Protein chains: 2
Amino acid sequence: MPEYFICNFLKERRSSDAEEFPKKSMKYNAIVGQSGGPTAAINATLAGVIYGAKLSHEIDTLYGAFNGIEGMLNENLCNLTELFTDNRDIEILTQTPAAALGSCRVKLPDPESEKGKETFTHLFEVFQKYNIRSFFYIGGNDSMDTVAKLSKAAEFYDYPMQFIGVPKTIDNDLCGTDHTPGYGSAAKFIAASMQEVLRDCAVYTVKAVTIVEIMGRDAGWLTAAAAVPAILSNHAPDLIYLPEVPFDMERFLSDIEENFKTHPDVVIAVSEGIRYADGRYVGEGTQSNVIDIFGHKYLAGTAKALEFAVKERFGCKVRSFDFNLPQRCAAHMLAKADVEEAIGVGKYAVRCADQGISGCMIGYERTDAPYTISYRPVPVSEIANQVKAVPREFINEAGNYVTEACLDYLLPLIQGEYPTIYQNGIPLHFDLKTPNLELNKFKLR
Amino acid sequence: MPEYFICNFLKERRSSDAEEFPKKSMKYNAIVGQSGGPTAAINATLAGVIYGAKLSHEIDTLYGAFNGIEGMLNENLCNLTELFTDNRDIEILTQTPAAALGSCRVKLPDPESEKGKETFTHLFEVFQKYNIRSFFYIGGNDSMDTVAKLSKAAEFYDYPMQFIGVPKTIDNDLCGTDHTPGYGSAAKFIAASMQEVLRDCAVYTVKAVTIVEIMGRDAGWLTAAAAVPAILSNHAPDLIYLPEVPFDMERFLSDIEENFKTHPDVVIAVSEGIRYADGRYVGEGTQSNVIDIFGHKYLAGTAKALEFAVKERFGCKVRSFDFNLPQRCAAHMLAKADVEEAIGVGKYAVRCADQGISGCMIGYERTDAPYTISYRPVPVSEIANQVKAVPREFINEAGNYVTEACLDYLLPLIQGEYPTIYQNGIPLHFDLKTPNLELNKFKLR
């Protein structure tokens, strides 16, 4: 049995002469949506789907749904085939961060529930109205849940359509793939920014601790990228803590003390999701004790909690901060490897749909020495609602740094500098909602 | 009278045959130091001084002082002439952020005070020991104060030497120059990152306010750069507040309300230094009311204070963050215009010293249409301890945005992408303290 399945309904329908659906030889339409949090490469995958649809002998029109499944329910669609006749526009779309079609956080109901019947009946009516037979959903874990439910519903309602998930997440925590599109660029931004922060911290001679919080609630993949400067510089973070290893505050403080013996400026990278052995998030302590001017409990975050503890213990200069939104949308720092793979996975998704493959996510399969990537469909049921953690062998025994094996895994993913097109000193972005925008200075009154 | 002065002592000494100083025809040595906060282009200026010294017929050896004036007092020096025989090394130095020589925050005593006599006598002994006759100090406002005091002291102690300040600051708040080296690159990073954050904020349809805090305690130059995306996109910040205009919380909240009438996601850029009409910093309110787990008053910052107020008024999703250290050290995003000018000003400083000019800072003089920059020495006494604010005509009447005139000023400074050299997927940095570093994986245990 193959790892994915060929949509039976489609096979049947295509081989029949049933009037309600076009024959195999006739072209049908496809739809693509984006979902979940932004990444710098999510539109590269959209570009890949657009390229793929242009090359497809099966697809006539590719529709884009604004705000994912929401746009499909509301028929808030655009015609991507008409919008992207010029390859330069697709190139600009490729370098535009965050879902150009908009995103959503909708969780579909169970197809067999009462609510599900209503939702899916409506959805399939929309699909039928636009003669849509292929569905591409670019997203993370929750989006794969959407793909799984749609596949199940199509079977349940006997609707002939292929549903394909295309991964994206900076978190790199999806199962069924060596890594995820978007991770390489985010990791490159974090590695480069960390190296810069390390230079910044090294200019003074006073005793100081700098704590940098990096995204990753359940997996430390992004934080691991902070170690990249260690490969060729003596400016590397001194300590790195991932959520995969239980955090011990006393151990953390003695780790810092150990570092102070050799140099005055200690720089630390931590995942936002580090937890104590009892499961409490390190940031929780702060949340419950800091109160703002309005009496609200103030969520200060993980690094801030550590800052308080370090200040209390050492009394030295301590600062903490995070890379915040830029780490997931810094498209001025795209990894060429990531963008090329992100385009490739989008194209491949269309080829799979053309072959009648459904209910799958397209994963990366990797070979090393030299590093290469191939694509393969993975049953979405094996992926949805699971988290791929950083393996223990990628973290040192003390639990306060990553290993060379981790960097061997990570390095190929951040290689290459994407040749970004600039205008007015900043990267050019494509605005899908107002694509033919004239110079717009309306804000400058 | 010229705007700068020729060091009289030097002229005298050079024309005499006094044994203690070399004759005019003999080469002498020079020293360069860096001071103040990091920028992404401060080493481009150091590279310029190195290039300049190589071309100079007057300078034999160029010494680098580690940690500015501290290194001069402690004779913690390096020989830059010997270290930089290869132009590729200078190129890598150019793209390395934050003072490669290290920085300091030392404020020199008054030359005529008791403490001053001790300090300057020692300093001039060091200079004499190394036959140093030219002094270059790359720094901001405080560094120009150092140059002013040294010039005064040289006159007072009759020591024949030229002192030249070379500007650097991301804040762009130095007088005597159209703009400062380092500002263009920081502004480019902020403009590009702001554009990316705007894309990120636009993907959802829920009502939300995002507040981005940008560096600038006394001047809003960096925050003004957040408006650059407004030129060619409809994704631009909705509101921009600079410290030059007194902040009014009620006005701020009604500005947001006005924006909610047309779109759900409101994005705001604020300078860290915005103040109420009575002079209180907006961040102060938070400082005095938030208490951490150890009972400390917690400095939450300007954006956080605004976040609390917006949340209280609108009850919608509100988030705030700042670009923190990356905005001053993001050398992966150097503006080519900035780097070229930063190198040029360093070279020019050496030429001025060779001509016996002293007691000055090198400023940029600008012509527009087309934009060009020339260099000129400005008496340091006119510059030190002053702040150049954003002029009122660069801010709109309502005080909640910048004007086109502001962007006309700003745009040429962020132009061009510096062709950064990468290794292992991140920019290559030059480590002045361990220049011949072998691959160093000591952190990866």
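The values are calculated or read from the model by the stated rules, or taken from the named source; none is laboratory data. Everything quoted here is computed from the prediction, not taken from an experiment. Reconstructed Cβ throughout: ideal geometry from the backbone, glycine too, with neighbour counts over all protein chains shown.
The table that follows gives values for the structure above.
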item: Output for the range B:82-128, where each listed residue is touching a strand residue (DSSP E or B) at 6+ places or on another chain (Cβ under 8 Å), of a type in the set (S, T, N, Q) and over 23 Å from B:Ala40 (Cα atoms); result: none
item: Those residues of the range A:383-407 which are surrounded by fewer than 17 Cβ atoms within 10 Å (Cβ to Cβ) and either more than 23 Å from A:Pro243 (Cβ to Cβ) or at the interface with another protein chain (Cβ under 10 Å from one of its Cβ atoms) (or both), in sequence order; result: A:Glu397, A:Ala398, A:Glu404, A:Ala405
item: Hey, A:Arg88 without any contact (Cβ under 8 Å) to a residue 40 or more places away in the chain and surrounded by fewer than 16 Cβ atoms within 10 Å (Cβ to Cβ) or not; result: yes
item: Residues that are more than 14 Å from chain A (Cβ to nearest Cβ) and of a type in the set (A, V, I, L, M, F, W, C), drawn from the range B:155-202; result: B:Phe156, B:Met161, B:Phe163, B:Ile164, B:Val166, B:Leu174, B:Cys175
item: Qualifying position, being free of Cβ contacts under 8 Å to residues at least 12 places away in the same chain and closer than 21 Å to A:Phe136 by Cα, among A:Ser381, A:Ser358, A:Ser374; result: A:Ser374
item: Single unsatisfied condition, B:Val126 versus (1) at pLDDT 95 or above; (2) within 30 Å of B:Tyr422 (Cβ to Cβ); result: (2)
item: Residue that is farthest from A:Leu334 (Cα to Cα), among those in the range A:92-118 that are of a type in the set (Ser, Thr, Tyr) and more than 12 Å from chain B (Cβ to nearest Cβ); result: A:Ser113
item: Any chance A:Glu155 is in contact (Cβ under 8 Å) with a residue 60 or more places away in the chain and surrounded by fewer than 18 Cβ atoms within 10 Å (Cβ to Cβ); result: yes
item: Residue identified as hydrophobic (A, V, I, L, M, F, W, C) and surrounded by fewer than 20 Cβ atoms within 10 Å (Cβ to Cβ) among A:Leu77, A:Leu46; result: A:Leu77
item: Residue among A:Ile414, A:Ile426, A:Ile395 that is in contact with a Cys (Cβ under 9 Å, 6 or more places away or on another chain), outside the structural domain of A:Ala40 (by TED's automatic domain parsing) and modelled with pLDDT of 95 or more; result: A:Ile395
item: Matching residues in the range A:45-91 - criterion: being in a helix (DSSP H, G or I), within 14 Å of another protein chain (Cβ to nearest Cβ) and in contact with a Leu (Cβ under 7 Å, 6 or more places away or on another chain); result: A:Leu46, A:Ile69, A:Gly71, A:Leu73
item: Any chance A:Ile362 is away from chain B (no Cβ under 14 Å) and at pLDDT below 95; result: no
item: Of residues in the range A:260-270 being at pLDDT 95 or above and under 21 Å from A:Ile190 (Cβ atoms), the one surrounded by the most Cβ atoms within 10 Å (Cβ to Cβ); result: A:Val270
item: Hits in the range B:408-433 - residues which are within 11 Å of chain A (Cβ to nearest Cβ) and assigned to a helix (DSSP H, G or I); result: B:Asp408, B:Leu410, B:Leu411, B:Pro412, B:Leu413, B:Ile414
item: Output for the range B:208-226, where each listed residue is over 17 Å from B:Asp171 (Cβ atoms) and touching a Lys or Arg at 6+ places or on another chain (Cβ under 7 Å); result: B:Ala208, B:Thr210
item: Flag for B:Ile138 being in a helix (DSSP H, G or I) and either modelled with pLDDT of 95 or more or within 14 Å of chain A (Cβ to nearest Cβ) (or both); result: no
item: Residue satisfying all of: in the range B:353-380; more than 26 Å from B:Tyr409 (Cβ to Cβ) and part of a helix (DSSP H, G or I); nearest to the chain's Cα centre (by Cα) among these; result: B:Ala353
item: Strands (runs of 3 or more DSSP E) within the range B:157-275 that include 1 or more residues out of contact with any Ser or Thr (no Cβ under 8 Å at 6 or more places or on another chain) and closer than 30 Å to A:Ile42 by Cα; result: B:208-214, B:239-241
item: Residues within the range B:228-242 that are touching a residue at least 60 places away in the same chain (Cβ under 8 Å) and facing another protein chain (nearest Cβ under 7 Å), tallied; result: 3
